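Participant: Once you've had a glance at the structure underneath, I'll fire off some questions.
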Amino acid sequence: MRGERLDKLLARLGLGSRKEVARLVRAGRVRVAGEAVRDPGFHVPEGASLELDGKPLAVVRRHHHLLLHKPAGYVTSRTEGPSVYALLSGFPTRDLAPVGRLDKDTEGLLLFTTDGELLHRLTHPRHKVAKRYLVHLERPATEEDQRAFAEGLSLDGERLLPAELSFGEDPTRVELVLREGRFHQVKRMFQARGNRVLYLKRLSLGPLELGDLSKGEARYLTPEEEETLYRAVGLGGQDAQGEL
C-alpha cells in the first residue's frame, strides 16, 4: 500500500494548510527518512521518520505520545493561559490530550497522547497506574501520616486508594506514590493531615520517568517506552505503526 502524501501528512500534523506545507517542502526544509524531499506529492513510507529544519517531527504511526517537563506557571488547558500547549511548539498538537492534569504551580512529568484508550486506562483508578511525586512540606511528615496514607484516607466522604509515603533524614522532603488522580489530591491529602504542600513535582507515571529532561522541554517517547507503557495497562503494545 502506498503511503500518505507528504503535504497531506504535514498538514495533519498541524504545520499549516496544504499550500503552506507545500512551500516548506519545495524549500527543502523537510526530510523523510533522513533524505530531503522537495515534492509535496511524495508518498511517505510507513515507519519513515520526518524532520523539519533538522528537528524530528514524528515517525509515521497511528498514535503519538509526548513527554513534557512542565514548569510552574502553566495550566493544563487549551483555553486558559499560559497553556502547556505553548511549550509544544514544533510538535503536532491538534489531537494531543494530556494524561491527567498538573496544577499551575506543579512541575514535572506530563504525558500527552492521541490514543483515547491508552489515556482512559492510564487515568482510570481501576488500572491503578502509579504516579510518584516529590513533595516539600511545611511541617515534617510522620510515621502516623505513612500509616494513614497506607490505609487510605477519606476525602469528601470517599475512601482513597492506599498511597505510599516515604522520607529520609529530612521529613519535610518526601515522596508520595498514588494510584489514582483526584482534584488537588496530593495537597488535600496533606491538608487532611494538618500539613501544607509548599512544592510539588511529578517524577514518574507508570513505567515512565522524567529523568534529566529540562524544564519546559518535550520529547517523543522512545519505541521501548511506548511498548512498556502499553503493556503496563494491558494493551500489549498495540501502538503498531500505521497511518496517522
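Any read-out appearing in this document is the output of simple, stated calculations on the displayed coordinates, not a laboratory observation. All values derive from a computational prediction rather than experimental measurement. Quick reminder, even Gly has a Cβ in these numbers, built from the backbone with ideal geometry, and neighbours come from all protein chains shown.
Participant: Enter the mean projected area of the convex hull around the alpha-carbon atoms of the stretch 4-59, in nm², rounded to one decimal.
Facilitator: Numbers: hull surface 12.1 nm².
Computing the convex hull of the Cα atoms and averaging its projections yields 3.0 nm².
Participant: A follow-up question, please. At 7 Å along the Cα-to-beta-carbon direction for both GLU151 and GLU217, put a label point, then send me their distance in nm to one decimal.
Facilitator: Taking the two extended label points, one gets 4.4 nm.
Participant: Could you give the size of the charge dipole of the stretch 130-205 about its Cα centre, using +1 on the Cβ of each K and R and -1 on the Cβ of each D and E, expressed in debye and rounded to the nearest 20?
Facilitator: So the dipole magnitude of the stretch 130-205 works out to roughly 360 debye.
Participant: With equal scatterers on the alpha carbons only and no solvent term, can you work out the Debye log10 of I(q)/I(0) for the chain at 0.10, 0.11, 0.12, 0.14 1/Å?
Facilitator: After summing over all Cα pairs, the log10 values are -0.55, -0.65, -0.74, -0.93.
Participant: For the stretch 130-205, report the convex hull volume of the alpha-carbon atoms normalised per residue, in Å³, without decimals. Each step should come with its number before you reach the end.
Facilitator: On the way: hull volume 6.0 nm³, N = 76.
Spread over its residues, the Cα hull of the stretch 130-205 gives 78 Å³ apiece.
Participant: Using a simple charge model, +1 on the beta-carbon of Lys and Arg, -1 on the beta-carbon of Asp and Glu, nothing else, what dipole does the stretch 4-59 show about its Cα centre, in debye to the nearest 20? It would help to have the intermediate numbers written out before the result.
Facilitator: Numbers: 11 positive and 8 negative charges, 53 e Å.
Charge dipole of the stretch 4-59: 260 debye, to the nearest 20.
Participant: Right, here's the next one. Answer with one residue from THR228, LEU96, PHE149: the one whose Cα lies farthest towards the positive end of the charge dipole of the chain, charges on Cβ with Lys, Arg +1 and Asp, Glu -1.
Facilitator: LEU96
Participant: Related question: With the cut-off at 29 Å, tell me which of the pairs LYS55/LYS128; LYS19/LYS70; LYS187/LYS215; LYS8/LYS70; LYS8/LYS131; LYS128/LYS187 have Cα atoms farther apart than that.
Facilitator: Working: LYS55/LYS128 36 Å; LYS19/LYS70 33 Å; LYS187/LYS215 22 Å; LYS8/LYS70 31 Å; LYS8/LYS131 37 Å; LYS128/LYS187 20 Å.
Among LYS55/LYS128; LYS19/LYS70; LYS187/LYS215; LYS8/LYS70; LYS8/LYS131; LYS128/LYS187, the Cα-Cα distance tops 29 Å for LYS55/LYS128; LYS19/LYS70; LYS8/LYS70; LYS8/LYS131.
Participant: With +1 on each Lys and Arg Cβ and -1 on each Asp and Glu Cβ, and nothing else charged, work out how big the dipole of the chain is about its Cα centre, in Debye to the nearest 20.
Facilitator: Approximately 840 debye in magnitude.
Participant: If you don't mind, there's one more thing I want to ask. What's the center-to-center distance, using Cα atoms, between the stretch 151-168 and the stretch 1-46 in Å?
Facilitator: The stretch 151-168 and the stretch 1-46 have Cα centres separated by 50 Å.
Participant: Over its Cα atoms, what ratio of radius of gyration to 2.2 N^0.38 Å does the stretch 43-124 give?
Facilitator: Values: Rg = 13.9 Å, N = 82, 2.2 N^0.38 = 11.7 Å.
Rg over 2.2 N^0.38 Å, computed on Cα atoms: 1.18.
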